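Notes to accompany the following structure.
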């Protein structure tokens, strides 16, 4: 009862925040901008956003309490958890179903809204008054769903003695962190969108806007990126098909806004530096927000089948309406303010950083468009012909691999090309050393993997990595000479003085390493064997000795655990323990995969079947090359992203009034 | 019990939200220099980068001069606006 009451209260505060924030302002005809004439009303609206967070957090706390206390009088608790569910999975069962996941969306959005409204920041101030109504409006939408058709606090007439428990596929440490990160990324796109709306209404689309929006775009960019990688890790370790990315519609729905916001983070630099691409930047932020909502619509409408989707529900149409308001409103505002968004300078030479960023943007958006078409094609073909035409992974891999290679080449050249105008001769000269390093990387990959395709991919990725590292070394040497510093001091100073640029370079190196890992999937091999305890079988140069099969029961499942010794000749170098479990409440088997990870390849073993009488077991064996580098590159890329966002924060970014002239002179 | 807790939360939050309405606040009359500050920071960072790019051989002399002049002009405008 109190949970629903708090949701209702949150709705009331969200409505108040939006209205109060608008009423606090008046339009000044002289400056043609909105100014806050009733600051006390705006402060009250800000506090209302904090109150929304308190109410949603309270409602969420009540649901968590019900889950942990096994209060099966709640329908959602009975569906998502059971008495034997371990605490971590009880915690994550909060978002294992439609109702809880929507409440989590509302909770994350309320955190964004509260932080945005309450944390005072000089640069952000002019945008707050118009951003609050947008954030409050979005919050209102999600809360209305949780309060109305998708109520997580529905009670059962007959209380069961135990719950059904979490779906076995969701029994993974990844489940604890992957969905919240993904949601943080997807819902976070609404904040840059709110800033766009505010900037357009208030005619503040200059450097100040781009600077504030960039920070709020970096947060969902990083969160969504981490969410996607964690999703890949979860698929790899839990789903048992040997891969980490299946071009599933819901994976694609999360990838599209990430591609678009990545494009924005690059084009924002062009606007900041040269005053161009304003229209494009507004469009990209709006598109990213719409695609994020579209992702939620796909997951929750039941239109497409996927391992991620919830059951068919009545809220698909509401998401569609929300998406339409977002898209039509965003485009209408853009058209309304078009005259204010003209570029300030010529775009410059085709051999320039800004030209590279523009092409990179077109390619990123093109990639997102291809993913979109490939994802919704089944819906389109069903409407036209009555039959769904599915485009599987081969289509996406074939079309997007060359696009990925183009992006890597653009990033490599873009690192070298200067702003404004470069010469082909200078660029070519500066590419010689990285090209030789990349060639060495390609040779090493060929020697290890014996595949020309992998060597080719390694060359392109190596070129990006080498170009970036060589540029960092060159800049360190230059700074060392200019400021008469030691090389370590010059290098660390370089990163500290411009964390955005050099944090971005670290992201590029991480991406290059990830791509080398992706290339390994070309050399993937797999087989299936049947074996009994005591027998040996050989796969990918390793002899597997099937030592024993352990069979036992735990409260919610019956476990079959196979123990496999790994041998090179007579040398034992490891043990793998794949499991096949039968979850009684779900009446379905589920494999716990055993993986031995090394930098060259993973041995990946799935126990696919067991004959209870003879103990004959079916094993699916995969050798997945270079997967280690995917995770290593991801860690590096996210470290770079975090540094770009938070690095150098201790330094005073905006000195007081008398200092700028002196600083400018000093430079 | 639920009703009591709910009423306490409602009253506490309503007081928290309504309190600013009973405090006297005047609209800020300070000159809005935020755009100029943002411009100045961008120019300072861009000039630093340009010096490094020149010293490392990434830009030729003509591009360096042209870009520096453009940035200095932009920086001067921002600083003038801050000084006003």
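The values are calculated or read from the model by the stated rules, or taken from the named source; none is laboratory data. Bear in mind the structure is a predicted one, so any value in this text is a computation, not a measurement. Virtual Cβ from ideal backbone geometry, glycine too; neighbours counted across all protein chains shown.
For residue A:65, state whether it is more than 23 Å from residue A:96 (Cα to Cα) and modelled with pLDDT of 95 or more. Here the answer is no, as residue A:65 does not meet what is asked.
If the condition is being in a loop (DSSP other than H, G, I, E, B) and buried (at least 24 other Cβ atoms within 10 Å of the Cβ), then segment A:164-203 contributes A:165, A:166, A:189.
Suppose the filter is in a helix (DSSP H, G or I) and closer than 30 Å to residue A:85 by Cβ; does residue A:52 pass it?
No; evaluated as a whole, the condition is false for this residue.
Whether a residue is in contact with a strand residue (DSSP E or B) (Cβ under 8 Å, 6 or more places away or on another chain), modelled with pLDDT under 95 and surrounded by fewer than 15 Cβ atoms within 10 Å (Cβ to Cβ) was assessed, and residue A:559 passes this test.
Contact map, segment B:15-39: residues that are under 30 Å from residue B:72 (Cα atoms) and more than 7 Å from every other protein chain (Cβ to nearest Cβ) paired with residues that are surrounded by fewer than 10 Cβ atoms within 10 Å (Cβ to Cβ) and at pLDDT 70 or above, Cβ distance under 8 Å, separation 6+ or inter-chain. Pairs shown: B:31/B:84.
Restricting attention to segment A:24-65, the residues being within 13 Å of chain B (Cβ to nearest Cβ), farther than 15 Å from residue B:21 by Cβ and in contact with a strand residue (DSSP E or B) (Cβ under 7 Å, 6 or more places away or on another chain) number 5. Would you mind stating whether residue A:102 is buried (at least 20 other Cβ atoms within 10 Å of the Cβ), assigned to a helix (DSSP H, G or I) and either within 26 Å of the chain's Cα centre (by Cα) or not assigned by TED's automatic domain parsing to the domain that holds residue A:156 (or both)? So residue A:102 fits the description; yes. Considering (1) out of contact with any helix residue (DSSP H, G or I) (no Cβ under 6 Å at 6 or more places or on another chain); (2) at pLDDT below 85; (3) crowded, with 20+ Cβ neighbours inside 10 Å, the lone condition that residue A:299 does not fulfil carries the number (1). The set of residues in segment A:406-426 being over 21 Å from residue A:506 (Cα atoms) and either buried (at least 23 other Cβ atoms within 10 Å of the Cβ) or facing chain B (nearest Cβ under 10 Å) (or both) consists of A:420, A:421, A:422, A:423, A:425, A:426. You will find that of A:362, A:391, the residue that is without any contact (Cβ under 8 Å) to a residue 12 or more places away in the chain, more than 20 Å from the chain's Cα centre (by Cα) and within 24 Å of residue A:293 (Cα to Cα) is A:362 and no other.
Selection of segment A:1-18 for residues being within 24 Å of residue A:39 (Cβ to Cβ) and without any contact (Cβ under 8 Å) to a residue 12 or more places away in the chain yields only A:12.
Only one residue in B:71, B:47 is more than 18 Å from residue A:481 (Cα to Cα) and either in contact with a helix residue (DSSP H, G or I) (Cβ under 6 Å, 6 or more places away or on another chain) or not in a helix (DSSP H, G or I) (or both). Which one? Explain how you work it out, then say what you get.
Numbers: B:47 fails: more than 18 Å from residue A:481 (Cα to Cα).
Criteria check complete, one pass: B:71.
Considering segment A:476-500, and only residues there that are in a helix (DSSP H, G or I) and in contact (Cβ under 8 Å) with a residue 60 or more places away in the chain, the residue that is surrounded by the fewest Cβ atoms within 10 Å (Cβ to Cβ) turns out to be A:496. Considering segment B:52-69 alone, what residues qualify as being closer than 17 Å to residue A:346 by Cα and facing chain A (nearest Cβ under 8 Å)? Once the filter is applied, which keeps residues that are closer than 17 Å to residue A:346 by Cα and facing chain A (nearest Cβ under 8 Å), segment B:52-69 yields B:63, B:66, B:67.
Checking each residue of segment A:546-560 against the condition of being in a helix (DSSP H, G or I) and either under 25 Å from residue A:233 (Cα atoms) or in contact (Cβ under 8 Å) with a residue 12 or more places away in the chain (or both) gives no match. Among the numbered conditions (1) buried (at least 20 other Cβ atoms within 10 Å of the Cβ); (2) modelled with pLDDT under 90; (3) part of a loop (DSSP other than H, G, I, E, B), the only one that residue A:152 does not meet is (2). For segment A:316-325, check the following and say yes or no: at least one residue is over 22 Å from residue A:136 (Cβ atoms), surrounded by 13 or more Cβ atoms within 10 Å (Cβ to Cβ) and at pLDDT below 95. Yes, the conditions are met somewhere in segment A:316-325. For residue A:179, the conditions (1) in the same structural domain as residue A:325 (by TED's automatic domain parsing); (2) without any contact (Cβ under 8 Å) to a residue 60 or more places away in the chain all hold with the exception of (2).
In segment A:118-139, what residues are crowded, with 24+ Cβ neighbours inside 10 Å, over 18 Å from residue A:214 (Cβ atoms) and over 24 Å from the mean Cα position of the chain (by Cα)? Residues satisfying the conditions are A:129, A:132. Among the conditions (1) in contact with a helix residue (DSSP H, G or I) (Cβ under 8 Å, 6 or more places away or on another chain); (2) under 30 Å from residue B:46 (Cα atoms); (3) assigned by TED's automatic domain parsing to the domain that holds residue A:247; (4) touching a residue at least 60 places away in the same chain (Cβ under 8 Å), residue A:405 misses just one, which is (4). Filtering segment B:52-68 to residues that are surrounded by fewer than 17 Cβ atoms within 10 Å (Cβ to Cβ) and assigned to a loop (DSSP other than H, G, I, E, B) leaves B:57, B:60.
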